[in-house]
Amino acid sequence: MGVVIGISPSGLLTARSSSSSTVPEGSDLRTDVGGVRGRVVRVFGPVARPYYSIRLARPLPLPDAARIVGAAVVRG
């Protein structure tokens, strides 16, 4: 589906889609590293490869959140 590319100061993850197929807002996602779960709260950017803002189900301390940058995100 995509890859985590960053973390906002408010704790939202930003992921970049790997294709033009879009996941709708409200979809549940998880990472392939540690099974971190979240929900898409915003889809933005180019139609060809959109970005997603993902609110985590449970807040993570910054060092733990930083480890998931570069991790793949999938639906589920």
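Derivation of every value follows stated rules applied to the coordinates shown; laboratory data play no part. These numbers come from a predicted model, not from an experiment. Cβ placement follows ideal geometry from the backbone for every residue including glycine, while neighbour counts extend to all protein chains displayed.
General observations
- The length gained on full extension between residue 27 and residue 51, counted as 0.36 nm times the residue separation minus their Cα-Cα distance, comes to 7.3 nm.
- Residue among 23, 43, 33 with the largest mean-square fluctuation in a Gaussian network model of the chain, springs linking Cα atoms under 10 Å: 33
- Dipole check for the chain: with +1 at the C-beta of Lys and Arg, -1 at the C-beta of Asp and Glu, and the Cα centre as origin, the magnitude is about 60 Debye.
- MRE, 222 nm, helices only [DSSP H, n ≥ 4, -39500 (n - 2.57), over the chain, to nearest 500]: -2000 deg cm²/dmol
- For the range 15-76, the relative contact order works out to 39 percent when only alpha carbon pairs closer than 8 Å and six or more residues apart are counted.
- Under 19 Å from the residue 67 label point (7 Å along Cα→beta-carbon), backbone N, the range 1-43: 4-8, 11-14, 30-38
- Converting the Cα gyration tensor eigenvalues of the chain into ellipsoid dimensions via √(5λ) gives semi-axes, longest first, of 18, 12, 11 Å.
- Within the shell of other residues whose beta carbon sits under 12 angstrom from the beta carbon of residue 4, the net charge comes to +2, with Lys and Arg scored +1 and Asp and Glu -1.
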